Structure formats: structure tokens, C-alpha cells
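All remarks here apply to the structure that follows.
The values are calculated or read from the model by the stated rules, or taken from the named source; none is laboratory data. Everything numeric here is computed off the predicted structure, so don't read it as measured data. Note: ideal-geometry Cβ built from the backbone for every residue, glycine included; neighbour counts use all protein chains shown. All accessible areas refer to the heavy atoms of the entire protein, side chains included, with ligands and DNA or RNA removed. Shrake-Rupley method; radii C 1.70, N 1.55, O 1.52, S 1.80 Å.
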Amino acid sequence: MKSKSARFYTILSIGAALLTIGLKAGAYFLTGSVGLLSDAAESVVNLVAAVVATWAVTYAAKPPDEEHSFGHYKAEYFSSGVEGALILVAAASIAAAAWERLLHPQPLEQLSIGLGLSLVATAVNGILALAMLRAGRRLRSITLRADAHHLLTDVWTSVGVIVGLILVPITHWLILDPMIALIVAVNIVWTGVRLLRETALGLLDTAMPLPERQAIADILSHYDSQGVQFHALRTRVAGSRRFVSLHVLVPGAWTVKQGHDLCEEIELAIVRALPGTYIFTHLEPLEDPTSWEDRQLDRFIQ
């Protein structure tokens, strides 16, 4: 499984979504539980999200071209954004159904079979979510991570619904079913908001996480003794790729080859520490005053 691509996991997610929709819909029709209905509705969201995710990771994997010279990696953010929006829509529909059932409670039927189907669907989602979470971290894919976190939310949602439905015949409180559905809706909203926030940060070219920036700073600090300085260090993340740009200031007496070799050495060290990083270096002479005018990358023209 370690060698599989992101697209493999999204296609697997489509199959799992279809299976769980069937299982959870069957559980709802058998029991009449609005809690199980809310669970089935979230699986429909999983299916749509998985289809969008498959498109996103396929498009993001395309090589750079004339119109997209930095690659297509940000396509993954469209997937996480769509998924976040769909989650909020699902939460609203679940809340509406739960409110209606809260006002008009109804007895539940054939709970044992319905709960059995729901448990099977929960196990499928749980196994797939853990596999996708590991793959998302390995492949640095926001699409896989978003799908995995959504599936994990679905798992905990299902567990809550199942526990609640077990308590209904024990307590004879029919309102437990819609109350659990409302709690599920609130939990789903929280997941959707988090996904939308992560999508927005990615589209706004957010800097790399602090530990990764610190790793770059540690690499650059090794060159202090050579009289080399750096500034205008900028980083950003686009899907599974990192981008780094910096200015390298060396003594003016150095040859072009010396400066070029140093830049190559620095770039290689950063790539080894942070695979999947694109680096742009700009060589400047230490003694030239203009080299220090662009420390913030905004050179003022008189």
C-alpha cells in the first residue's frame, strides 16, 4: 500500500462510500432512525467528495505547462473546499430532519439488524480513514487528509448514533434519536469549517509550518563561517509541494562558479531535509549596497 498514489486512495474512497451508503440506508429503512438517516446523509457527502477528490489529485499530478509553470498542485484545494461546503449542507439537512423528529418522536424498529449494518459501515470507514491519513501525510496531500478526517468524523458520528440507539430501548426516551442527530450535525459543521479554513490558507499562499522553516534556518546557519549571508527568505505551500525563495549574499571577489556551486549545495541540502521542495536562489555581492535594498523584496525606485 505504501507505493500507491493519491488517486488510488480516492478511487478506493468512492467504492467505500457506495458500500456504506447502501449499508446505512438499509439500516435507516429498517429502523426508521433519524440518527441513522443523518449518518447515511453524511456518506452521500463522502461519495461526492471522493469523486471531486479523484478529479483534484488527477489534475494536481499533471506536470507544469506553459500556462501553469508552477504546476497544478493547488487543484487539491478545490477538493477540500468543495468537501467543506458539502459537509455544511449535509449538516443543515440533518438538523432539519432531526428537529422534525424531535417535535414528533416515533418508535424505532428492527434495531438489532439496523445497528449491525451500521457497525459494518463504520468499520469500513474506519479502516479506510486510517489508511488515507497515513497516505496523506506521506504524500503531503491535503485532499487525502481532508477525506481521512471527514471519514474519521463519520466514524465517531456513527459510534455516537449506535450508542444512542442502544440506549433508546433501555431508557424509552424516543427523543434520544433526534437529539443525537442534532449533536452529529454540530460536529459535522465543525469539521466543515476546519476544512474551509485550511483551504483558504492554502489558496492564500500560507508559509510553510514553523518546524520546516526552522529546518531551513538551521541549514543556512552552517554557512556563517564562510562569510555568506541570506535574506528575503520566503516560503509557501501549494498542495503537496513546498516553494522556497531566498537571496544568497557572497563576497564580491567570488567567481560566478563559486557562487553557483554554493547555491546548488544549499538547494540540495534543503531538498534532502524537505523532499518535494522547489527552491529559487538569487546570488548577490555582499559589498553592493543595492543587495541590501531588497531585503523585503520591495525595491524602491527613486
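General remarks:
- Selection from ALA53, ALA273, LEU174, by position along the positive dipole direction of the chain (Cβ): LEU174
- Around THR153: net Lys/Arg minus Asp/Glu count, Cβ-Cβ under 13 Å: -3
- The ARG138 and ARG241 beta-carbon pair, evaluated with R₀ = 25 Å, returns a calculated FRET efficiency of approximately 0.95.
- When the chain is described by a simple charge dipole with +1 on each Lys and Arg Cβ and -1 on each Asp and Glu Cβ, the residue from PHE230, PRO64, VAL82 located farthest towards its positive end is VAL82.
- Globularity index of the stretch 197-302, i.e. its alpha-carbon radius of gyration over 2.2 N^0.38 Å: 1.15
- A simple count of charges around VAL51, restricted to other residues whose Cβ falls under 15 Å of its Cβ and scoring Lys, Arg +1 and Asp, Glu -1, yields -2.
- Over all other residues within a Cβ to Cβ distance under 14 Å of GLU42, the charged ones net out to -3, with Lys and Arg as +1 and Asp and Glu as -1.
- In the complete set of protein chains, residue-level accessible area for TRP99 is approximately 140 Å², probe 1.4 angstrom.
- ILE166-VAL89 FRET efficiency (beta carbon distance; Förster radius 45 Å; 0.05 resolution): 0.95
- Using just its DSSP H runs of length 4 or more, each adding -39500 (n - 2.57), the chain gives a mean residue ellipticity at 222 nm of -23500 deg cm²/dmol after division by all residues.
- In a reduced charge model with +1 at each Lys and Arg Cβ and -1 at each Asp and Glu Cβ, the stretch 204-274 shows a dipole moment near 240 debye about its Cα centre.
- Gyration tensor analysis over the Cα atoms of the chain returns equivalent ellipsoid semi-axes of 53, 18, 15 Å (largest first, whole Å).
- Å² per residue, accessible surface of the stretch 176-236 at 1.4 Å: 56
- Here TRP173 sits with roughly 150 square angstrom of accessible surface, probe radius 1.4 Å.
- Taking only the C-alpha atoms of the stretch 237-284, Rg followed by Dmax gives 12.1, 40 Å.
- Accessible-area value, ASP288, 1.4 Å probe, nucleic acids and ligands omitted, Å²: 60
- Dipole in debye (nearest 20) - the chain, about Cα centre, beta carbon charges: Lys, Arg +1; Asp, Glu -1: 820
- On a per residue basis, the stretch 8-57 carries 31 Å² of accessible surface, using protein heavy atoms and a 1.4 Å probe.
- Over the chain, relative contact order from alpha-carbon pairs under 8 Å, at least 6 apart, %: 18
- Cα gyration tensor shape of the stretch 125-206, rounded if a/c is under 1.5, else prolate or oblate by comparing a/b with b/c: oblate
- Dividing the Cα radius of gyration of the stretch 179-256 by 2.2 N^0.38 Å, with N the residue count, gives 1.80.
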